[in-house]
1. Given the residues Arg314, Arg285, which is the only one that is in the same structural domain as Arg245 (by TED's automatic domain parsing), among the basic types (Lys, Arg) and crowded, with 18+ Cβ neighbours inside 10 Å?
2. Quick one: which residue in Pro382, Pro386 is closer than 21 Å to Arg314 by Cβ and either acidic (Asp, Glu) or surrounded by 16 or more Cβ atoms within 10 Å (Cβ to Cβ) (or both)?
3. Listed residues Ala79, Ala84, Ala66; which is among the small types (Gly, Ala, Ser) and touching a Phe, Trp or Tyr at 6+ places or on another chain (Cβ under 7 Å)?
4. Within region 317-332, restricting attention to residues that are at pLDDT below 95 and over 23 Å from the mean Cα position of the chain (by Cα), which residue is surrounded by the fewest Cβ atoms within 10 Å (Cβ to Cβ)?
5. Farther than 30 Å from Ser162 by Cβ and either out of contact with any Lys or Arg (no Cβ under 8 Å at 6 or more places or on another chain) or assigned to a helix (DSSP H, G or I) (or both) - does that describe any residue in region 85-108?
6. How do the pairs read when you match residues in region 187-208 that are over 16 Å from Pro386 (Cβ atoms) with residues anywhere that are at pLDDT 70 or above and of a type in the set (Asp, Glu), using Cβ under 6 Å and keeping only pairs 6 or more apart or on different chains?
7. If we scan region 95-102, do we find a residue that is surrounded by 21 or more Cβ atoms within 10 Å (Cβ to Cβ) and not acidic (Asp, Glu)?
Amino acid sequence: MRKKTKILLSSYLSVLILSLALYAWAGQWGLGWYRRTANESAALAYEETVRSVQTLSAVLAQAPYATDPEMCDRVCCEAYACAAAAESAMSTLPFSTWELEQLSGFLNTAGDYAHALCGQGQPFTERQRRELGELADSAGDFSDTLLDLREQLHRADVRMDSREVRLRNVGEEPGVPLSEELGAYEAGFAPVPLRYDGKYGTEEKKSSPGLLTEEEMLSAAADFLGVEPSELEQEARSESGDSRRCYRAGDRWLTVGRAGVESMTSSRLVGEEKLSLPRAEAAARRILRQQGYEDLALLSQEQQACLALFTFARVQDQALCPDCVLRLSIALDDGSLYAFDATDYDPQPYDLRWELEEDAARNALPASLSDAECSPMILRSPGGEPVPCFVFSAKAEDGNTVEISVRADTGRQYRIRVG
């Protein structure tokens, strides 16, 4: 090899080594920058969690002393905002909120409870004052724990968790992880039971009359499928909740709860399409009548391949119940029932008070929507309770459709949708 060639190769190798060294240094510097940024973000998220829980505790502590309806609403709005902020900040900490299920659930429950009490138009009841006070005590204890852990973080007795350490699966850094300390605190954290009409409420529901025994469940399944009870095979059972049973007859599976048949599905291959959509609808209505479902209105229909899908809503007091629905699929080759879903259907009649007429309910509308079309409906509250309403729909000046629901028992606006 000539001397000139050796010199060129040496130069190229030197440049390559120097480039790799610079690249490695830049990568190491960038990794350090990202690590510092992640640590600062986690610290900021924790500080926001501490501030939000502190504020939540202070706001809830005002509730027992609020007597004016407007002040009660203000306290609830502020508490809802603080709980949402705390939950949002906790979700950005470098560990999953499912690890702190009780604490995250407490913030969700406190926020939902405060939201449910907003707009009551009346002072808190004694029970609500007591429950808000209990929430304040729990939030205060939670806040004290967060403040104590913050001091331990500053002293390095506790360290912030690192997603990088978890991903690399390397040795533990010195200090107890923050998630471990919070998990230990959560183990002794007692949730506050709240009685209210909301997602997390423990309001006792009225027991449904006529709950089926196990023999009656088997009989109901056989009647629904049109077979003898001896032809059914029990596939599964659940001892929790409503003690559901799953039965099979050939290629059809059916689930029955204590209140009756909940769902059915088939696994057979549907043949060539022979029925039109109107004929399939007639078949669906006939099947529903045979199963004892009356007073239903068609909400939607569509065709998917060789199946016709229908959604029917219950009608009571000449009012549509859009949240109380039955869903079923009809096979378009022979008009048979292919799938059925009654999990969102309540067979028990509602005990409702329609105190107002439509004209009186219109007084709750703004003047610009005084000519809105009206439909009586029975809506479902976040806690599942039926609410009688007059639903007014109209086009606004900006072209959007505005839907305002007015309670038929109080005359107050219940829900507004714009879209």
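The values are calculated or read from the model by the stated rules, or taken from the named source; none is laboratory data. Just so you know, these numbers come straight off a predicted model, no measurement behind them. Ideal geometry is used to build each Cβ from the backbone, glycine not excepted, and the neighbour counts take in all protein chains shown.
1. Within the list Arg314, Arg285, the selection yields Arg314.
2. Being closer than 21 Å to Arg314 by Cβ and either acidic (Asp, Glu) or surrounded by 16 or more Cβ atoms within 10 Å (Cβ to Cβ) (or both) holds for just one of Pro382, Pro386, which is Pro386.
3. When all the criteria are applied, what remains is Ala66.
4. Here the answer is Gln318.
5. Looking for residues that are farther than 30 Å from Ser162 by Cβ and either out of contact with any Lys or Arg (no Cβ under 8 Å at 6 or more places or on another chain) or assigned to a helix (DSSP H, G or I) (or both), one finds none in region 85-108, hence no.
6. Val192/Glu134; Leu194/Glu131; Lys199/Asp112; Tyr200/Asp112
7. No - not one qualifying residue is present in region 95-102.
This table checks each residue for (1) part of a loop (DSSP other than H, G, I, E, B); (2) charged (D, E, K, R); (3) out of contact with any Phe, Trp or Tyr (no Cβ under 9 Å at 6 or more places or on another chain).
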position	(1), (2), (3)
Leu254	no, no, no
Val261	no, no, no
Thr265	no, no, no
Leu269	yes, no, yes
Leu275	yes, no, yes
Glu281	no, yes, no
Arg285	no, yes, no
